[in-house]
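The values are calculated or read from the model by the stated rules, or taken from the named source; none is laboratory data. The structure displayed is predicted, hence computed values, not measured ones. As a convention, Cβ positions derive from the backbone with ideal geometry for all residues, glycine included, and neighbour counts pool all protein chains shown. Accessible surface is based on the protein model in full, side chains and every heavy atom, while ligands, DNA and RNA are left aside. Shrake-Rupley method; radii C 1.70, N 1.55, O 1.52, S 1.80 Å.
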Amino acid sequence: MSAVPELAAVLDQVVGLVDSVGEQEWSAPTPCEEWDVRAVVAHLLDVQQRFLANLTAQPVRTRPDVGENAQLLVNAFAEEGALERLVPDRLGEITGLTLLKILMMEHLAHGWDLGQALGRPPVFEEEVVERTLDFVEQMSPKVPPALRRFDAPQPVAPDAPAIDRLAARLGRKAPA
């Protein structure tokens, strides 16, 4: 599977989880201690909109729907040359493929957060999460401390599922 269909599959899982949130669940605490479910979803919306604007080099009209944004992102990344294009990011100019991988990491991490908060963990492809974990390991030393947004890595069993190892690498306390 190539990067764009992998992103689409991850986004589908996260969108399904967001769509399943019940009225009383929006204020549930998440592993991101300062954010409840509503704040995590708001963060994902912000990330989606910012990345779409960076990738397309066009202002993006605010869309309050994670699913609609997800489809717009998949379409934008699927365009000819999108993965090779240099795009602005807080890390500097990066390729569209690198932007896609960062977006994938954000949705895997925050999909895990939402799954933990709601008691409905999304099902991500193990190989996709493993590749994202490898990407995080490669990129982490390149991110200046002032731009790091995740907490220090936490201990996790080496044989834990890839999504739990990714969550722990990004500062979450994974289940034992």
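A few remarks follow.
Yes/no per residue for (1) assigned to a helix (DSSP H, G or I); (2) at pLDDT below 95; (3) closer than 15 Å to Gln13 by Cβ; (4) over 14 Å from the mean Cα position of the chain (by Cα):
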residue: Arg120; (1), (2), (3), (4): no, no, yes, yes
residue: Arg131; (1), (2), (3), (4): yes, no, no, no
residue: Pro141; (1), (2), (3), (4): yes, yes, no, yes
residue: Pro158; (1), (2), (3), (4): no, yes, no, yes
residue: Lys173; (1), (2), (3), (4): no, yes, no, yes
residue: Ala176; (1), (2), (3), (4): no, yes, no, yes
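- Once region 17-28 is narrowed to residues that are surrounded by 15 or more Cβ atoms within 10 Å (Cβ to Cβ) and not β-branched (Val, Ile, Thr), the residue that is nearest to Glu126 (Cα to Cα) is Leu17.
- The residues of region 85-112 that are outside any strand (DSSP E or B) and farther than 20 Å from Asp134 by Cα, listed by number, are Arg85, Arg90.
Every residue, every condition in (1) modelled with pLDDT under 95; (2) in contact with a strand residue (DSSP E or B) (Cβ under 9 Å, 6 or more places away or on another chain); (3) not aliphatic (A, V, I, L, M), yes or no:
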| position | (1), (2), (3) |
| --- | --- |
| Ala3 | no, no, no |
| Leu7 | no, no, no |
| Leu11 | no, no, no |
| Val21 | no, no, no |
| Pro29 | no, yes, yes |
| Ala57 | yes, yes, no |
| Pro64 | yes, no, yes |
| Leu72 | yes, no, no |
| Leu91 | yes, no, no |
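- Applying the criterion of being in contact (Cβ under 8 Å) with a residue 40 or more places away in the chain and open to solvent by 20 Å² or more (accessible area, probe 1.4 Å) to the residues of region 76-97, the residue that is nearest to Ala9 (Cα to Cα) is Ala78.
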